[in-house]
1. Looking only at region A:58-75, how many residues end up being within 11 Å of DNA strand D (Cβ to nearest atom) and buried (at least 16 other Cβ atoms within 10 Å of the Cβ)?
2. Considering only region B:24-45, state which residues are among the hydrophobic types (A, V, I, L, M, F, W, C), surrounded by 17 or more Cβ atoms within 10 Å (Cβ to Cβ) and farther than 20 Å from B:Ser79 by Cα.
3. Taking into account only those residues within region A:163-181 that are surrounded by fewer than 21 Cβ atoms within 10 Å (Cβ to Cβ) and either touching a residue at least 24 places away in the same chain (Cβ under 8 Å) or at the interface with chain B (Cβ under 8 Å from one of its Cβ atoms) (or both), which is nearest to A:Val86 (Cα to Cα)?
4. Among the residues of region B:76-84, are any within 16 Å of DNA strand D (Cβ to nearest atom), of a type in the set (A, V, I, L, M) and crowded, with 16+ Cβ neighbours inside 10 Å?
5. Out of region B:23-78, which residues are under 20 Å from A:Leu196 (Cα atoms) and either in contact with a Gly (Cβ under 6 Å, 6 or more places away or on another chain) or at pLDDT below 95 (or both)?
6. Please give the helices (runs of 4 or more DSSP H) falling wholly within region A:30-87 in which 2 or more residues are within 7 Å of DNA strand C (Cβ to nearest atom), over 19 Å from B:Ser200 (Cα atoms) and away from chain B (no Cβ under 14 Å).
Protein chains: 2
Amino acid sequence: MTTKEIKHVPEPVLRRLPRYLQILTRLKEEGIKEVSSTRIADELRLDSTQVRKDIEFTGIIGKPKTGFLVPQLIHAIESFLNWDNVTDAFLVGAGSLGTAILGYPGFNNYGINIIAAFDSNPEKAGGTIRNIPIFHIDKLPDLSHRMHVHIGIITVPAAAANEVATMMIDGGIKAIWNFAPVQLRVPKEIIVENVLLHASLSVLTRKLGQSIQDQK
Amino acid sequence: MTTKEIKHVPEPVLRRLPRYLQILTRLKEEGIKEVSSTRIADELRLDSTQVRKDIEFTGIIGKPKTGFLVPQLIHAIESFLNWDNVTDAFLVGAGSLGTAILGYPGFNNYGINIIAAFDSNPEKAGGTIRNIPIFHIDKLPDLSHRMHVHIGIITVPAAAANEVATMMIDGGIKAIWNFAPVQLRVPKEIIVENVLLHASLSVLTRKLGQSIQDQK
DNA sequence: TTTTAATCGAGAAAAATATATCGAGAAATT
DNA sequence: AATTTCTCGATATATTTTTCTCGATTAAAA
């Protein structure tokens, strides 16, 4: 068979690759040409075998004794994650969190380019943040279709999230980056990636509670 | 042995519990008194056995045919996560993301209470957000010790994150909620919970890239 | 040139996590 | 009262993810 089998990539792998990239970028700036899996693993407190197996997914092969070529590995990871070219995105919910995301220029390094924002508050429409225009939410379906936008970012309150998700999907959006602490009910062909801050805090507060209790 | 054995709780469990809580809170508002694991599982697209096992960690036992008592389960989860009383927290980095977090009142429902913020920019010192005062970063060590703060939130750029973490630890902070996309080098008794937005985006952009390629 | 040290990658093993099976109990229905 | 339906929780199984072992390879040091 000639077609390359696209093996399924576990999510934990996808979550570690950007962390490798962060280290690699720093090493490149320092002028370091080669890096071993051991070094990456030590910096991130991981197992070196795990790092090697993760890298294997990107198709890069290393060399004994010296490891991997830094620039080559950077390119491979970026390409693997589709970070070598940005995908346009819409953001809905220009509240404090939405504004913060709009104001952060770094996401262009992570494969997305926010080209417009939307809000239900008419007073916010017409404004811009970092040259990104803010429209009234009513404009979303039409603009989304016309501009062929594939990624939607939800930063509205939980109560409004599902309604926004439906609008996005009607507008042709295929992947949703959801910050609302609620389950989105969407067709299963829609990709949903949640950022659940409460779920992150639960880990922190539980562990802290336990560690304080253990001291007693 | 009389001392109750504190079983280790897997992180995936801790991350699901707040999601159950979200549903339970909604059900309670709707006046629903009982809920089955099946119902929770269906809403979150999980397995009902998994939901039951997760709930088991909180110590609550259900009843055949009817399931679990909503208010009792809410209380048990909140107590389990230490969300029945808030822990004071400091935030460092009053940029756009830091400001967004300061501006969001909801974290008090998730076990933390931000009582002060810090920034290296002297112009920001003296201001307040939602009545939370902003100080210059130099004040952190002293205030942290005096107020016995245990949680630190890092919302500074990656390059400054480790320096801030060290200051926090010197100030007696035991748990760090880190939003900087960088590995914190801290003693292992310090609890670190990362919110890595790039790691979340990598999952989204990779899946989207694959789904587009699969269509061809 | 020989030896040593560091690394990769294949495969095996272990650990963690998720899912399936099923008997028993409780409520509703017949 | 008997039957049906729904659910729990104990146990077993399956799957996923991580870690360990080890021979082969490369570069540097002796």
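The values are calculated or read from the model by the stated rules, or taken from the named source; none is laboratory data. Since we're looking at a predicted model, the values are computed, not measured. FYI the Cβ positions are ideal-geometry reconstructions off the backbone, even for glycines, and counts take in every protein chain you see.
1. Initial filter on region A:58-75 (within 11 Å of DNA strand D (Cβ to nearest atom)): A:61-67.
After this cut, where a residue has to be buried (at least 16 other Cβ atoms within 10 Å of the Cβ) as well, the list is A:62, A:67.
Looking only at that region, the number is 2.
2. Answer for region B:24-45, where residues must be among the hydrophobic types (A, V, I, L, M, F, W, C), surrounded by 17 or more Cβ atoms within 10 Å (Cβ to Cβ) and farther than 20 Å from B:Ser79 by Cα: just B:Ala41.
3. Just the residues of region A:163-181 that are surrounded by fewer than 21 Cβ atoms within 10 Å (Cβ to Cβ), to begin with: A:163, A:166-167, A:169-172, A:174.
Those still in the list that are either touching a residue at least 24 places away in the same chain (Cβ under 8 Å) or at the interface with chain B (Cβ under 8 Å from one of its Cβ atoms) (or both) too: A:167, A:170-172, A:174.
Numbers: A:Met167: 23, A:Asp170: 23, A:Gly171: 20, A:Gly172: 18, A:Lys174: 15 Å.
Step by step, filter region A:163-181, then rank; the result is A:Lys174.
4. yes
5. Once the filter is applied, which keeps residues that are under 20 Å from A:Leu196 (Cα atoms) and either in contact with a Gly (Cβ under 6 Å, 6 or more places away or on another chain) or at pLDDT below 95 (or both), region B:23-78 yields nothing.
6. The helices (runs of 4 or more DSSP H) meeting that bar are A:37-44, A:48-57.
Listed here are the residues, each with its yes/no results for (1) more than 16 Å from DNA strand D (Cβ to nearest atom); (2) of a type in the set (Gly, Ala, Ser); (3) outside the structural domain of A:His75 (by TED's automatic domain parsing); (4) more than 15 Å from the chain's Cα centre (by Cα).
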position: A:Leu17; (1), (2), (3), (4): no, no, no, no
position: A:Gln22; (1), (2), (3), (4): yes, no, no, no
position: A:Thr25; (1), (2), (3), (4): yes, no, no, yes
position: A:Lys33; (1), (2), (3), (4): no, no, no, yes
position: A:Ser36; (1), (2), (3), (4): no, yes, no, yes
position: A:Arg45; (1), (2), (3), (4): no, no, no, yes
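Residues checked against (1) more than 30 Å from B:Leu102 (Cα to Cα); (2) out of contact with any helix residue (DSSP H, G or I) (no Cβ under 9 Å at 6 or more places or on another chain); (3) of a type outside the set (A, V, I, L, M, F, W, C):
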{"residue": "A:Val35", "(1), (2), (3)": "yes, no, no"}
{"residue": "A:Ile40", "(1), (2), (3)": "yes, no, no"}
{"residue": "A:Leu44", "(1), (2), (3)": "no, no, no"}
{"residue": "A:Asp47", "(1), (2), (3)": "yes, no, yes"}
{"residue": "A:Val51", "(1), (2), (3)": "yes, no, no"}
{"residue": "A:Asp54", "(1), (2), (3)": "yes, no, yes"}
{"residue": "A:Lys63", "(1), (2), (3)": "yes, yes, yes"}
